Amino acid sequence: MLAARTRAYVAAAGPATSIAERLAEGARNALHHVIAQPGDRSAALDLLAADALLTLALLEQAERAPHRLGDFARGLLRPEFLAS
């Protein structure tokens with residue numbers, strides 16, 4: 001179920017300049033869904049999907065452009081990441 005949910009969030013992400021950015025956008029979409037939930041267990045799978053996608057985005061960035069990993073990670077921490 002988790003794999004299917006993460007794939008769905010990545011598929012729904014718009015075009016990105018890199019795989020890492022597309023994974024991060026999928027994570028952001030999952031987090032938006034979590035925030036919209038009532039705060040019960042119904043959001044658990046989406047929260048796990050967001051966690052998995054953020055982890056994969058960081059891993060992808062580390063493998064493809066390790067010199068940009070810090071900047072990429074800081075971008076995920078900015079409030080604008082969730083605002084868009």
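Only the coordinates and a few stated rules stand behind these numbers; no lab work does. It should be emphasised that the depicted structure is a prediction, and the values quoted were computed from it without experimental measurement. Every residue, glycine as well, gets a Cβ built from its backbone with ideal geometry; the counts of neighbours run over all protein chains shown.
Of the set (1) farther than 14 Å from Leu82 by Cβ; (2) of a type outside the set (Asp, Glu); (3) touching a helix residue (DSSP H, G or I) at 6+ places or on another chain (Cβ under 7 Å); (4) surrounded by 13 or more Cβ atoms within 10 Å (Cβ to Cβ), all apply to Val34 but (1). Restricting attention to the range 36-49, the residues that are outside any loop (DSSP other than H, G, I, E, B) and free of Cβ contacts under 8 Å to residues at least 24 places away in the same chain total 6. Counting the residues of the range 1-26 that are in contact (Cβ under 8 Å) with a residue 40 or more places away in the chain, out of contact with any Gly (no Cβ under 9 Å at 6 or more places or on another chain), closer than 25 Å to Leu69 by Cα and not polar (S, T, N, Q) gives 2. Of the residues making up the range 60-74, those that are among the small types (Gly, Ala, Ser) and surrounded by fewer than 14 Cβ atoms within 10 Å (Cβ to Cβ) are Ala65, Gly70. Being free of Cβ contacts under 8 Å to residues at least 24 places away in the same chain, under 27 Å from Met1 (Cα atoms) and small (Gly, Ala, Ser) is a property that Ala57 lacks.
How about the range 3-16: which of its residues are surrounded by fewer than 12 Cβ atoms within 10 Å (Cβ to Cβ) and assigned to a helix (DSSP H, G or I)? Working first, answer last.
Applying the first criterion (surrounded by fewer than 12 Cβ atoms within 10 Å (Cβ to Cβ)) to the range 3-16 yields 3-4, 11-12, 14-15.
If the condition is that a residue be surrounded by fewer than 12 Cβ atoms within 10 Å (Cβ to Cβ) and assigned to a helix (DSSP H, G or I), then Ala3, Ala4, Ala11, Ala12 are the ones that fit.
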